[in-house]
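Peer 1: The structure that follows is given in the form of structure tokens.
The values are calculated or read from the model by the stated rules, or taken from the named source; none is laboratory data. Bear in mind the structure is a predicted one, so any value in this text is a computation, not a measurement. FYI the Cβ positions are ideal-geometry reconstructions off the backbone, even for glycines, and counts take in every protein chain you see. Note: areas computed on protein heavy atoms with side chains; ligands, DNA, RNA excluded. Shrake-Rupley method; radii C 1.70, N 1.55, O 1.52, S 1.80 Å.
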Amino acid sequence: MVKVEGYEVPEGLYYSKDFEWIKIEGDKVRMGVTDYAQKSLREIVYAELPSAGGEVKQGEPYGTVESVKAVSDLIAAISGTIEEVNGEVQSKPELLNEDPYVKGWLLVVKPANLQAELANLMDFAKAVEWHKAQAQSK
Amino acid sequence: MARRVIVVGANASGVEAASAARKKDRTAEITLITLEKNAGYSRCGLPFVLGGQIPDFKDLIVYPPAFFQMLKLNLKNETKVTAINTKEKTVTAVDKAGTTETLQYDSLVIATGADAFMPSIKGREKQGILSLRTIEDGEKIRQAVQNGAKSAVIMGAGLIGLETGVALIERGLKVIIVEMLPQILPQMLDADMAKIVQEHLQEKGMVIVTGKTVEEFLGDDNVRAIMAGGEKIEADLFISAFGVRANTKLAVDAGIPLGETRAIKTNARMETDVKDVYAVGDCAEAPNVITHKQVCSQLGTIAVREGKVAGANAAGDYSLFTGVLASAVTKLFEIEAGVTGLTEAAAARNRIEVVTGAIGSKTAADYYPTAKPVKVKLVVEKESQRIIGAQVVGGAEVTQRINAISFAIQKQMTVRELAKADTAYAPPLNETWDPMVLAAEMVLMKLR
């Protein structure tokens, strides 16, 4: 696990500038929010997620997360059909703070246009640079 | 059309207002405008960066860029608001590049804070008088220390003055505090409680001169010494900690009325006398819970509570600010000091007759090796027998006692009720009778 300015950025994932990560698992994609996102929002108390069977579209909101002091849209990192929703996160939203990359995953999606959309995301190396730049701009 | 909320100022109260507005209205266009380079950082943490407990000023930034982005808060930093037009409902701002922009608002929150106050002392135009209000101020002091400053004069023995003094002693400087009033922490503690803190600071090497006014800054272009009470005091570093004054210029120019404290007048929704314009934090006043008089407490805790109320109202919600008790704590070397409600002196100024009780006790069972002294002073209104204030000074466990008494005051608890309070005990953690309860018993005896 690589830490950039105190934020975890695991290898092997793709990242969006809307603070989401995706992990390619065969022909499916798992997605969630980054460590940087959860640390910025702090204690997350509520997650509103869509239902399986629905569609998500890259760059568009599909749900919201709410912390004691903040509320934010969840912006889809890729487009596709929702196959699974992490129900555990809805009952235990603190999983997003405790383990954003593993237990705190949000959706499993069957991607509609993965290869083309990956071009809009950051790979590990780019994500490390981006996190550094974010931390420096503060 | 989406509601447009503009917040002028992006620190404690401003960011809180913007987030509260976002919580209420998910589609509003929310803009934060700040003159500073950094938004959303903790001013209260500045002395602890100087002291070295916190590695860097950057670490004080509570809200990283992602926070603003995720909440869709449009942050304009290094941008100066030059005018507010409450008739047209516009704000005019000039950015770093010199570009002027006029923005329309539906609701406006003024969170312009306060500026370090400098009395009209002879020679005050000379170079080298620092203060500690912003990260930039902190960087200047740190630079001076790194450049080899060996001694510092700090003018003012309030929280910022003393916390900065402690930090500089920890950095190896010789520190002299000059205070005009006869005691340290005059806003916070009564003289009897302040004395305990002063003795601790003096044991740690801080030189404290009370009852002396700074009369002049000496030196050619740069300050080299001050005259205080007819005595010349030389030093390498001069820090003014005379306090802060509400920054109300924008509001005054816009015709927004000030109140009796010369801070911006507000109602219980933190709205000014001008509809849809709110004011919060160090530039605004609000009523004291006990005296019902307007006060400008200029505490971070009050700032964020006011910000939350104003932000919600600005976004169409209904929320009230319930008033100021001005609970505050500090840690200076190994001693902690706290206050809630009125001191005995503040009660006297407000013509409130009180009975006080002060008990010296320990933070653990007397026989327990880690037990440290702690003193609790209760201030009780004579007729109602309600607790209206408390001060706690001790080696540990001050904050939660202050919080407990703060709740008691807010619930209008009488001293008789506090004397029966069911408090917790174990030898390493507390005495069988909490000192708060003993102080209450002492007051009851005086009331007999």
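Peer 1: Can you name every residue in the stretch B:229-273 that is over 26 Å from B:I160 (Cβ atoms), acidic (D, E) and surrounded by 14 or more Cβ atoms within 10 Å (Cβ to Cβ)?
Peer 2: Matches in the stretch B:229-273: B:E271, B:D273.
Peer 1: Sticking with this one: Starting from residues that are surrounded by 15 or more Cβ atoms within 10 Å (Cβ to Cβ) and within 14 Å of chain B (Cβ to nearest Cβ), keep the ones in the stretch A:98-136 and report whichever is farthest from B:A39 (Cα to Cα).
Peer 2: A:P100
Peer 1: Still on this structure: Touching a residue at least 60 places away in the same chain (Cβ under 8 Å), more than 10 Å from chain B (Cβ to nearest Cβ), within 26 Å of A:D123 (Cα to Cα) and open to solvent by less than 70 Å² (accessible area, probe 1.4 Å): which single residue out of A:D27, A:D35 fits that description?
Peer 2: Sole residue among the options that is touching a residue at least 60 places away in the same chain (Cβ under 8 Å), more than 10 Å from chain B (Cβ to nearest Cβ), within 26 Å of A:D123 (Cα to Cα) and open to solvent by less than 70 Å² (accessible area, probe 1.4 Å): A:D35.
Peer 1: Now, a different point. Please tell me if B:P55 is over 19 Å from A:V68 (Cβ atoms), free of Cβ contacts under 8 Å to residues at least 12 places away in the same chain, more than 10 Å from chain A (Cβ to nearest Cβ) and of a type outside the set (F, W, Y).
Peer 2: Numbers: over 19 Å from A:V68 (Cβ atoms): yes; free of Cβ contacts under 8 Å to residues at least 12 places away in the same chain: yes; more than 10 Å from chain A (Cβ to nearest Cβ): yes; of a type outside the set (F, W, Y): yes.
Here the answer is yes, as B:P55 does meet what is asked.
Peer 1: Looking only at helices (runs of 4 or more DSSP H) that lie completely in the stretch A:56-138, which have at least 2 residues being farther than 30 Å from B:G311 by Cα?
Peer 2: Numbers: elements: A:87-91, A:95-98, A:114-118, A:124-136.
By residue number, A:87-91, A:114-118, A:124-136.
Peer 1: Please specify each residue of the stretch A:47-62 satisfying the condition of being open to solvent by less than 30 Å² (accessible area, probe 1.4 Å) and within 15 Å of A:W21 (Cβ to Cβ).
Peer 2: Of the residues in the stretch A:47-62, the ones open to solvent by less than 30 Å² (accessible area, probe 1.4 Å) are A:47, A:49, A:54, A:56, A:62.
Correct list: A:V56, A:Y62.
Peer 1: Oh, and also: Looking only at the stretch A:63-96, how many residues end up being open to solvent by 30 Å² or more (accessible area, probe 1.4 Å), within 14 Å of chain B (Cβ to nearest Cβ) and closer than 14 Å to A:Q38 by Cβ?
Peer 2: 3
Peer 1: With (1) on the phi < 0 side of the Ramachandran plot; (2) in contact (Cβ under 8 Å) with a residue 60 or more places away in the chain as the list, and B:Q183 as the residue in question, which single condition is left unmet?
Peer 2: Among (1) on the phi < 0 side of the Ramachandran plot; (2) in contact (Cβ under 8 Å) with a residue 60 or more places away in the chain, the lone unmet condition for B:Q183 is (2).
Rundown of residues vs (1) charged (D, E, K, R); (2) out of contact with any strand residue (DSSP E or B) (no Cβ under 7 Å at 6 or more places or on another chain); (3) at pLDDT 95 or above, yes/no style:
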| site | (1), (2), (3) |
| --- | --- |
| B:P186 | no, yes, yes |
| B:D190 | yes, no, yes |
| B:K212 | yes, no, yes |
| B:F217 | no, no, yes |
| B:V223 | no, no, yes |
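Peer 1: Being outside any helix (DSSP H, G or I) and without any contact (Cβ under 8 Å) to a residue 40 or more places away in the chain is the filter; apply it to the stretch B:119-147 and report the residue that is surrounded by the fewest Cβ atoms within 10 Å (Cβ to Cβ).
Peer 2: In the first step, residues of the stretch B:119-147 are kept if they are outside any helix (DSSP H, G or I); the result is B:119-134, B:147.
Okay, now just the ones that are also without any contact (Cβ under 8 Å) to a residue 40 or more places away in the chain, so B:120, B:125, B:147.
Details: B:S120: 5, B:E125: 9, B:N147: 9.
Among those that are outside any helix (DSSP H, G or I) and without any contact (Cβ under 8 Å) to a residue 40 or more places away in the chain, it is B:S120.
So that you can scan it fast, the table gives a plain yes or no per residue for (1) surrounded by fewer than 15 Cβ atoms within 10 Å (Cβ to Cβ); (2) at pLDDT below 95; (3) more than 16 Å from B:L438 (Cβ to Cβ):
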site: B:E334; (1), (2), (3): yes, no, yes
site: B:A337; (1), (2), (3): no, no, yes
site: B:G341; (1), (2), (3): no, no, yes
site: B:S384; (1), (2), (3): yes, no, yes
site: B:S406; (1), (2), (3): no, no, yes
site: B:Q412; (1), (2), (3): yes, no, yes
site: B:V415; (1), (2), (3): no, no, no
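Peer 1: So, one more: Select the strands (runs of 3 or more DSSP E) contained entirely in the stretch B:230-284, then report the ones holding at least 1 residues which are in contact with a helix residue (DSSP H, G or I) (Cβ under 7 Å, 6 or more places away or on another chain). So that I can check it myself, show each step before the final result.
Peer 2: Working: elements: B:231-234, B:237-240, B:244-246, B:277-279.
By residue number, B:237-240, B:244-246, B:277-279.
Peer 1: Moving to a separate point now. Looking at the stretch B:241-288 only, could you name the residues that are among the polar types (S, T, N, Q) and in contact (Cβ under 8 Å) with a residue 60 or more places away in the chain? Steps first, answer last, please.
Peer 2: Taking the stretch B:241-288 first, the residues among the polar types (S, T, N, Q) are B:247-248, B:261, B:266-267, B:272, B:288.
B:N247, B:T248, B:T272 - these are the residues of the stretch B:241-288 that are among the polar types (S, T, N, Q) and in contact (Cβ under 8 Å) with a residue 60 or more places away in the chain.
Peer 1: Look through the stretch B:64-77, keep the residues that are over 22 Å from B:Y278 (Cα atoms) and not aromatic (F, W, Y), and return whichever of them is farthest from the other protein chains (Cβ to nearest Cβ). Reasoning before the result, please.
Peer 2: Of the stretch B:64-77, the ones over 22 Å from B:Y278 (Cα atoms) are B:64-67, B:69-70.
Narrowing further to those that are not aromatic (F, W, Y): B:64-66, B:69-70.
On the way: B:P64: 5, B:P65: 6, B:A66: 4, B:Q69: 8, B:M70: 4 Å.
Only one residue tops the list, namely B:Q69.
Peer 1: Then there's this: Answer yes if at least one residue in the stretch B:22-42 is within 13 Å of chain A (Cβ to nearest Cβ), of a type in the set (A, V, I, L, M, F, W, C) and more than 30 Å from A:V4 (Cβ to Cβ), and no otherwise.
Peer 2: Looking for residues that are within 13 Å of chain A (Cβ to nearest Cβ), of a type in the set (A, V, I, L, M, F, W, C) and more than 30 Å from A:V4 (Cβ to Cβ), one finds at least one in the stretch B:22-42, hence yes.
Peer 1: Within the stretch B:217-228, count every residue that is in a strand (DSSP E or B) and open to solvent by 50 Å² or more (accessible area, probe 1.4 Å).
Peer 2: Applying the first criterion (in a strand (DSSP E or B)) to the stretch B:217-228 yields B:217-218, B:222, B:225-228.
If we keep only those that are open to solvent by 50 Å² or more (accessible area, probe 1.4 Å) as well, we get B:222.
The total comes to 1.
Peer 1: Now, a different point. Considering the stretch B:402-420 alone, what residues qualify as being part of a loop (DSSP other than H, G, I, E, B) and touching a strand residue (DSSP E or B) at 6+ places or on another chain (Cβ under 7 Å)?
Peer 2: Correct list: B:Q412, B:M413.
Peer 1: How do the pairs read when you match residues in the stretch A:51-72 that are over 17 Å from B:A66 (Cβ atoms) with residues anywhere that are of a type in the set (S, T, N, Q) and in a loop (DSSP other than H, G, I, E, B), using Cβ under 7 Å and keeping only pairs 6 or more apart or on different chains?
Peer 2: A:V56/A:S79; A:K57/A:S79; A:Q58/A:S79; A:Q58/A:N120
Peer 1: Sticking with this structure for a sec: Give the number of residues within the stretch B:57-72 that are over 23 Å from the mean Cα position of the chain (by Cα), open to solvent by 50 Å² or more (accessible area, probe 1.4 Å) and not basic (K, R).
Peer 2: 1
Peer 1: Same structure, new question: Working only within the stretch B:25-36, note down all residues that are open to solvent by 40 Å² or more (accessible area, probe 1.4 Å) and touching a Ser or Thr at 6+ places or on another chain (Cβ under 9 Å).
Peer 2: B:R26, B:L35
Peer 1: Please go through the stretch B:275-301 and pick out each residue that is aliphatic (A, V, I, L, M) and open to solvent by less than 30 Å² (accessible area, probe 1.4 Å).
Peer 2: Result: B:V277, B:A279, B:V280, B:A284, B:A286.
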